[in-house]
Ligand SMILES: Cc1cc2nc3c(=O)[nH]c(=O)nc-3n(C[C@H](O)[C@H](O)[C@H](O)COP(=O)(O)O)c2cc1C
């Protein structure tokens, strides 16, 4: 499943797309997506599932653009490790869709009531008062849609000014690897394979492009950790552990591209998810 795809090309091609043609994903690509979803395998335990849904452009699912017909939701339990795993597993699908030439956009602040209407998933909780954006905050009972993404075709004509501004301010600007290395490690001292994987990791998308991950490497280069700083809070985004999972996914794919297998440990430490890669 993971082998045989040029993940580096997908990482470099992916962008958050906020203007879509209002046509469905063609059947052959949809079949590939569905079969990929059914076969995603990662070397750690998790509760993540991915559901494709059909959306309507005249209803407000995404706050800033009309929904294309197809989308995907990343559901999981809501403890910090589970939402982080949703980032990891979700990003595999996002990058796979990119490799098929499809456009996507991680979306945390979707309209929950509209998602529930088109993709019922709240069960008895649907009767309770609903948060307006996303599933809400903190740990709740049962599974939630942690984030969603449109899946479709970039409409490059008629992109609204707001979207253009958002794209040029946020997209693609990434700090260098050195900005994320902790404990006195320099880029130059890293084995080339780890530096390569970090280079893919630093290109991960994050809410408002905040790039708040930190990389730690043991002195024998056998243990690599990815986490956010202890106590980190994002001003607007309630689930920064998702973004850490996305970043960890890029790192893992980078190691796979270099044919290095890792064991992965995912743990909660000091209130945040910590990803450890054991080479
Ligand atoms: C977990 C997560 C949640 C996000 N939520 C939203 C969102 O609610 N609305 C939005 O317009 N973009 C959202 N984004 C997209 C980011 O703004 C975008 O990834 C970032 O600006 C970097 O741009 P790029 O994806 O084009 O590289 C989200 C990204 C991530 C990783």
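Values computed for the structure shown
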{"item": "Unit Cα scatterers, Debye sum, region 3-134: log10 I(q)/I(0) for q = 0.19 Å⁻¹", "result": "-1.26"}
{"item": "Over the chain, relative contact order from alpha-carbon pairs under 8 Å, at least 6 apart, %", "result": "22 percent"}
{"item": "The chain - mean residue ellipticity at 222 nm from DSSP helices (-39,500 (n - 2.57) per run, n ≥ 4, rounded to 500)", "result": "-9500 deg cm²/dmol"}
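Every number in this text was worked out from the coordinates using simple rules, so none of it is lab data. All values derive from a computational prediction rather than experimental measurement.
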